[in-house]
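Okay, structure first, notes after.
The values are calculated or read from the model by the stated rules, or taken from the named source; none is laboratory data. As the structure is a prediction and not an experimental result, all values here were calculated from the model. Here the Cβ positions follow ideal geometry from the backbone for every residue, glycine too, while neighbour counts run over all protein chains shown. Just so you know, the surface numbers come from the protein's heavy atoms only, side chains and all, with ligands and any DNA or RNA stripped out. Shrake-Rupley method; radii C 1.70, N 1.55, O 1.52, S 1.80 Å.
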Amino acid sequence: MEGKIIKAVSGFYYVETAEGTVACRARGRFRLDKVSPLVGDRVDISIDSTGNGTVREIFPRKSVFVRPPVANIDTLVMVASAVIPVTDPFLIDQITAIAGAAGCDTIVCINKCDQNAGEELAAVYQKAGFPVLSVSAETGAGIQELKALLAGKVCAFTGNSGVGKSSILNRLKPELKLPVGDVSEKLGRGRHTTRHVELFSLDNGGYIADTPGFSSFDIDEMEPVPKDRLPEVFPEFLAYMGQCRFRDCSHTKEAGCRVRQAVEDGDIPLSRHLSYLRLYEQAQANKEWQAKDYVKYSENKKNSKQR
């Protein structure tokens with residue numbers, strides 16, 4: 001029987017099938033192959049006479065994130081805020097780069113628009129080519145527009161603690177009743193309220209995943225996007241590719257760089273190019289032999305499918 005893992009807790013994998021949700025253990029073979037089933041995996045399971053299930057096979061994955069541990073994500077929803085806690089644009093740029101490298105779309109969702117619409121922040125990412133929504137989990141503004149963008153897709157939510165991820169999810173699916181942490185005025189951050197990754201189905205065919213806060217995303221522990229791939233995960237750069245004076249232009253300091261000229265002309269926001277430079281520096285300092293392949297387009301046969 002085929003299904004999708006919608007929750008993983010304490011060694012149990014809860015698989016949604018056409019006949020209902022089945023609690024499963026994973027076959028020991030996966031441990032030998034150093035593979036773990038992930039939330040979002042499409043799997044084949046068997047059910048014994050007592051109703052207990054076993055994950056027998058993991059089908060090939062579209063994408064994998066190690067932290068948070070999720071697979072087959074179509075869209076990453078980056079929840080940000082222009083009020084306490086104010087989201088650092090560089091963190092948004094890191095996440096959109098990681099998502100782009102994984103082959104995932106990104107939606108920039110600016111919450112708390114009833115307090116501050118974050119128009120300047122929105123303008124940066126609209127100009128970069130990302131879908132941007134201003135919403136309010138408090139009033140419900142923009143929630144239906146967000147829900148429409150998630151139709152038929154498997155989506156993960158991320159963002160720094162306190163920006164209102166769980167509150168937005170409660171608006172999207174009220175019966176979830178996810179706990180919401182208070183925001184500390186002194187620290188400008190919220191308490192972590194989510195302890196595991198779980199997929200929740202929407203009535204439009206989509207799935208949403210709640211993930212722990214930004215520290216649990218462990219973005220600082222991830223390997224940088226390789227420098228030769230960085231331009232492709234900055235979509236506003238694409239219009240200028242191939243127009244630089246030098247074929248191997250890094251878009252950092254070379255004369256005749258069309259990307260840098262676009263920044264000077266105001267066609268590319270300065271903050272985005274500064275983030276690109278920081279990410280390029282990180283990637284340049286990273287040695288290939290240290291790479292951990294933190295995200296992949298697909299697993300090889302050994303890691304994605306039981307032999």
With (1) in a helix (DSSP H, G or I); (2) modelled with pLDDT of 90 or more as the list, and Asp203 as the residue in question, which single condition is left unmet? (1)
Of the residues in the range 53-68, how many are part of a loop (DSSP other than H, G, I, E, B), under 15 Å from the mean Cα position of the chain (by Cα), of a type outside the set (Ser, Thr, Tyr) and crowded, with 17+ Cβ neighbours inside 10 Å? 2
Would you pick out the residues in the range 69-87 that are out of contact with any Lys or Arg (no Cβ under 8 Å at 6 or more places or on another chain) and open to solvent by 10 Å² or more (accessible area, probe 1.4 Å)? Pro69, Ile84, Val86
Inside the range 129-142, can you point out the residues that are under 13 Å from Val108 (Cα atoms) and either in a strand (DSSP E or B) or among the hydrophobic types (A, V, I, L, M, F, W, C) (or both)? Phe130, Val132, Leu133, Ser134, Val135
Evaluation of Ala209 against (1) modelled with pLDDT under 60; (2) of a type in the set (Gly, Ala, Ser); (3) buried (at least 18 other Cβ atoms within 10 Å of the Cβ) (one fails), failing number: (1)
Quick check: anything in the range 88-97 part of a loop (DSSP other than H, G, I, E, B), open to solvent by 20 Å² or more (accessible area, probe 1.4 Å) and over 30 Å from Ser136 (Cβ atoms)? no
Return yes or no: is Pro68 touching a Pro at 6+ places or on another chain (Cβ under 9 Å) and not aliphatic (A, V, I, L, M)? yes
Only one of (1) in contact with an Asp or Glu (Cβ under 9 Å, 6 or more places away or on another chain); (2) open to solvent by 50 Å² or more (accessible area, probe 1.4 Å) is not met by Arg31, so which one is it? (1)
Pick from the range 7-48 the residues that are more than 27 Å from Cys104 (Cβ to Cβ) and under 25 Å from the mean Cα position of the chain (by Cα): which of them is modelled with the lowest pLDDT? Ser10
Which condition breaks for Asp114 when tested against (1) buried (at least 17 other Cβ atoms within 10 Å of the Cβ); (2) over 21 Å from Pro235 (Cα atoms)? (1)
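Each row is one residue, and each column tells you yes or no for (1) open to solvent by 50 Å² or more (accessible area, probe 1.4 Å); (2) among the hydrophobic types (A, V, I, L, M, F, W, C); (3) closer than 19 Å to Leu121 by Cα.
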site: Phe234; (1), (2), (3): no, yes, yes
site: Arg245; (1), (2), (3): yes, no, no
site: Gly256; (1), (2), (3): no, no, no
site: Arg260; (1), (2), (3): yes, no, no
site: Ser271; (1), (2), (3): no, no, yes
Can you report the number of residues in the range 98-125 which are part of a helix (DSSP H, G or I) and under 18 Å from the mean Cα position of the chain (by Cα)? 5
Looking at (1) over 21 Å from Thr75 (Cα atoms); (2) of a type outside the set (D, E, K, R); (3) modelled with pLDDT of 80 or more, which is the only condition Val183 fails? (3)
Against the definition (out of contact with any Pro (no Cβ under 7 Å at 6 or more places or on another chain), closer than 22 Å to Ser136 by Cα and not in a loop (DSSP other than H, G, I, E, B)), how does Val79 come out, yes or no? yes
